[in-house]
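Inspection log for the structure reproduced underneath, given as structure tokens.
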Amino acid sequence: MHCSTAAHIVQFVNREIIGAAGQLARRIIKTVAGQYETTTDASNPVWNTDSAAKPTPYYEAAGAHHVEAGSLTVYDQPTVGPGVGETWRANFRSYVICDKKVVREVTWTRSQTSGESPKYQVSVTYADRLPAWANELLKAQGYHPAL
Amino acid sequence: MPEAAGVAELAWTAQGETRVETPECVLLLDPVLGLTDIDFHQVTDEGWDNLSASSPASAARLVVPPSTSVNSIRQAIDTVAKRGGYAKVFVTIGDV
């Protein structure tokens, strides 16, 4: 996808730690940008803005990326490190901004069950705006609006 | 393995083994970016403000790819212990 103006990625993360008995565990996740809690109710995910450049909301502002002739490539490899019997999931919603408009929503998960290798699941859909919860979250967490 | 400069207790583990305790902070030693947090953000000087141990007994976990040199691991452990203030650093070598 070619963009006339700078492309951006606005990304949100929530994490699940599933114990050996299948329960969602409550943990605090520490990052360079602050901390957030794991999701303990799958129907009510605890989203966190995945930017280390607050108040800039874009992932690539501090995340690994490459810019070349109207294109933006970002690199991400969230750590999932389950203990014995655990499954860890890092769940993401990424919004692709091109020419100052949201153009795609990328839903992806990196997960790992103890004793297995990490796995990725990715789906891409058309989108033309950030959902209301995303705009509200950016504001609540002290980030500038994405658009 | 001996303690790193006397600043941290080292406990080695591997995937599938029982960990001694739940770490307060998870870090990755990436071959390109160096130390990153759990969400793959490079750890900067300012970043340690949010990653530091909450108590003198806190433990951190350092995940490293199998190809990482011993010297790099040793340096990373030292950084986590000193900059983060972690008393224990659990090292996991495996799929990252």
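The values are calculated or read from the model by the stated rules, or taken from the named source; none is laboratory data. Bear in mind that the values here come from a model prediction, so they are computed numbers and not experimental data. Here the Cβ is made from the backbone with ideal geometry for all residues, glycine too, and neighbour counts use every protein chain on show.
Checking A:Gly142, A:Gly81, A:Gly63 one by one, the residue that is touching a residue at least 60 places away in the same chain (Cβ under 8 Å) and under 25 Å from B:Val43 (Cα atoms) is A:Gly142 and no other. If the condition is being closer than 16 Å to A:Val13 by Cβ and within 14 Å of chain B (Cβ to nearest Cβ), then the range A:94-141 contributes A:Ser94, A:Trp108, A:Thr109, A:Arg110, A:Ser111, A:Gln112, A:Pro118, A:Tyr120, A:Gln141. Only residues that are surrounded by 15 or more Cβ atoms within 10 Å (Cβ to Cβ), within 14 Å of chain B (Cβ to nearest Cβ) and modelled with pLDDT under 95 were counted across the range A:3-26, and they come to 0.
For the range B:30-96, list the strands (runs of 3 or more DSSP E) that sit wholly inside it and hold at least 2 residues that are more than 24 Å from A:Gly34 (Cβ to Cβ); which are they? Lay out the reasoning, then the answer.
Numbers: elements: B:34-37, B:59-64, B:88-93.
Once the strands (runs of 3 or more DSSP E) in the range B:30-96 are filtered for at least 2 residues that are more than 24 Å from A:Gly34 (Cβ to Cβ), what remains is B:88-93.
Return the total of residues in the range B:32-63 being among the aliphatic types (A, V, I, L, M), surrounded by fewer than 16 Cβ atoms within 10 Å (Cβ to Cβ) and within 19 Å of A:Ala62 (Cβ to Cβ). So that I can check it myself, show each step before the final result.
First, the residues of the range B:32-63 that are among the aliphatic types (A, V, I, L, M): B:32-33, B:35, B:38, B:43, B:51, B:53, B:57, B:59-60, B:62-63.
So of that shortlist, the ones also surrounded by fewer than 16 Cβ atoms within 10 Å (Cβ to Cβ) come out as B:32, B:57.
When the remaining residues are screened for being within 19 Å of A:Ala62 (Cβ to Cβ), the result is B:32.
Residues that pass the stated criteria total 1.
Strands (runs of 3 or more DSSP E) fully within the range A:65-147 that include at least 3 residues being within 24 Å of B:Leu27 (Cβ to Cβ): A:87-98, A:101-113.
Does A:Thr38 satisfy the criteria of being among the β-branched types (Val, Ile, Thr) and at the interface with chain B (Cβ under 9 Å from one of its Cβ atoms)? Give the steps one after another, and end with the answer.
Numbers: among the β-branched types (Val, Ile, Thr): yes; at the interface with chain B (Cβ under 9 Å from one of its Cβ atoms): no.
No, not satisfied.
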